[in-house]
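In what follows, a structure is listed as structure tokens, so that the remarks can point back to it.
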Amino acid sequence: MDNHCRVIAHSNIALIKYWGKRDSLLNLPAVGSISVTLDTLFTDTSVRFEPGRPADSVQLNNLQADEPERLRVSRFLDRIRLIYKEITGQILPGAEVITANNFPTAAGLASSASAFAALAYAGLKAAGLDLALREVSILARQGSGSAARSLFGGFVEMHRGQLPDGSDAFAEQILTETALNINVLILVTSRQKKKTGSTEGMNLTRDTSPYYQAWSDSAEADLAAMRQALQDADFTRIGHLAEFSCLKMHALAMSANPGIIYWSPATLHLLQQVREIRASGIEAYFTIDAGPQVKILCREKDAPALLQIFQNDSAVEEIIITRPGPGVRIVEP
Ligand code: DP6
């Protein structure tokens, strides 16, 4: 058994949002989603299964992970141990996991997406298991829904699926990373950890929001419209649909009880700025995940002008310029 593997997986941002679960145990999404993988943000993860090691050890961003973090990783590795046992009939030992993000963790920059994509891929390879990427995405989904999408480059769809065992809830690429000349500017407004994690937020929303059914019922139409817009390379349509899905998801979260508000005053200010800039003729669209950061979609040619505007905005702490990025890949030790 080749017991070590190190990989890089990139983060992604959803253009059509995932919010809500149809099954918590298998982490099955209540709705499908469409995302773009981002080239600049990634997680670098190495997994080594060591004979004789009783428990998994986890190093996160150069520090020993705290116990809840270690447990989340260890439980995920247990899923790989289960697959390994089913296939080989043997037991996988404990693992040493060394992982680092090149961006702020848990601040709404989707660290769990790249983290579980990298862990799924590195873990399976380290165990000597060669699964198709679709199967890897089914595994990654069980760590974090958005992670299933991060295995693929470019524009990616996660399928909701219908089956109770989740075998049809997988991700796949719709368009490659070179298909559209767009940039995603990430406007970092805060580096603090978010207060309500996505999982907790989704569960509260499902249990309390009067709008939850309408959200689920209207998802397929948004997905179909985005698929078409991507096939047509219609940037204007892509942008409008992304803003619509973003606001719909946040309105849904706000309609939970108690309402979940991920935005800060800086977030709202930036949304208004984007719309003003658009009215002035530069086509820019916003999207936001479960945190206060604002991501702007634009054509490549417009990125320098937007950069200049937002560099001078006091609501912005940092700007990260990204473009559609590649899928998961093995790196040399
Ligand atoms: C707002 O994938 O982090 O970013 O499956 O519970 O780990 P879990 O949730 P997660 O949720 C992502 C929510 C979102 C929208 C999206 O990425 O589609």
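Before moving on, here are some points about what is shown:
- Phi-derived couplings, Karplus 6.51 cos²θ - 1.76 cosθ + 1.60 at θ = phi - 60°, listed residue by residue for region 219-234: 5, 4, 5, 5, 5, 5, 5, 5, 3, 5, 4, 5, 4, 7, 6, 8 Hz, with x used for Gly and Pro.
- Estimated from helical segments only, the mean residue ellipticity of the chain at 222 nm is -12500 deg cm²/dmol, where each DSSP H run of four or more residues counts as -39500 (n - 2.57).
- One decimal place: the segment R191-H240 gains 14.9 nm when fully extended, by the rule 0.36 nm per residue minus the C-alpha distance.
- Sorting the segments 218-225, 202-209 by their residues' average number of neighbouring beta-carbon atoms within 10 angstrom, most packed first, yields 202-209, 218-225.
- Rounded if a/c under 1.5, otherwise prolate or oblate - region 156-299, Cα gyration tensor axes: oblate
- Lys, Arg +1 and Asp, Glu -1 on Cβ, resulting dipole of region 226-333 about Cα centre, debye, nearest 20: 280 debye
- In range of the label at E300: residues from region 127-161 whose backbone nitrogen is under 20 Å from the point 7 Å along Cα→Cβ: 153-156
- FRET E, pair D232, E135, Förster distance 45 Å, beta-carbon r, rounded to 0.05: 0.90
- Residues with amide H under 5 Å from that of S209, placed H, sequence gap 5 or more: N257
- Placed amide H near N61: partners under 5 Å, 5+ positions off or other chain: T99, A100, N101
- Distance from the Cα centroid of region 95-172 to that of region 1-48 is 4 Å (rounded to whole angstrom).
- Selected from G259, G128, G281 as most flexible by GNM, with the chain as the system and alpha-carbon contacts under 10 Å: G281
- Separation in nanometres of the label points that stand 7 Å from Cα toward Cβ, at I91 and A279: 6.7 nm
- Prolate/oblate/rounded label for the chain (Cα gyration tensor, a/c 1.5): prolate
- Each of S218 and N312 was given a label point 7 Å from its Cα along the Cα-to-Cβ line. The distance between the two points is 3.8 nm.
- Dipole in debye (nearest 20) - the chain, about Cα centre, beta carbon charges: Lys, Arg +1; Asp, Glu -1: 320 debye
- Taking 0.36 nm per residue of sequence separation and removing the Cα-Cα distance, the H159/L82 pair yields an extension gain of 25.3 nm.
- Separation in nanometres of the label points that stand 7 Å from Cα toward Cβ, at A55 and L71: 1.2 nm
- Furthest towards positive pole of dipole, C246, P292, N183, structure part the chain, Cβ charges: P292
- Rounded if a/c under 1.5, otherwise prolate or oblate - region 96-207, Cα gyration tensor axes: rounded
- Amide H to amide H distances under 5 Å link S11 with L38, L41, F42, T43, where only residues 5 or more positions off or on other chains count and H is placed in the peptide plane.
- Here the Karplus relation 6.51 cos²θ - 1.76 cosθ + 1.60, evaluated at θ = phi - 60°, turns the backbone of region 59-71 into coupling constants of 10, 10, 6, 6, 10, 5, 5, 6, 4, x, 5, 4, 5 Hz, with x for every Gly and Pro.
- Inter-part distance where region 184-248 and region 314-329 are each reduced to a Cα centre, Å: 18 Å
- Whole-number percent relative contact order across the chain, with pairs defined as alpha carbons under 8 Å at least 6 apart: 25 percent
Here, each number is a calculation from the coordinates, and none is a lab measurement. Not measured: the values here are computed from a predicted model. Virtual Cβ from ideal backbone geometry, glycine too; neighbours counted across all protein chains shown.
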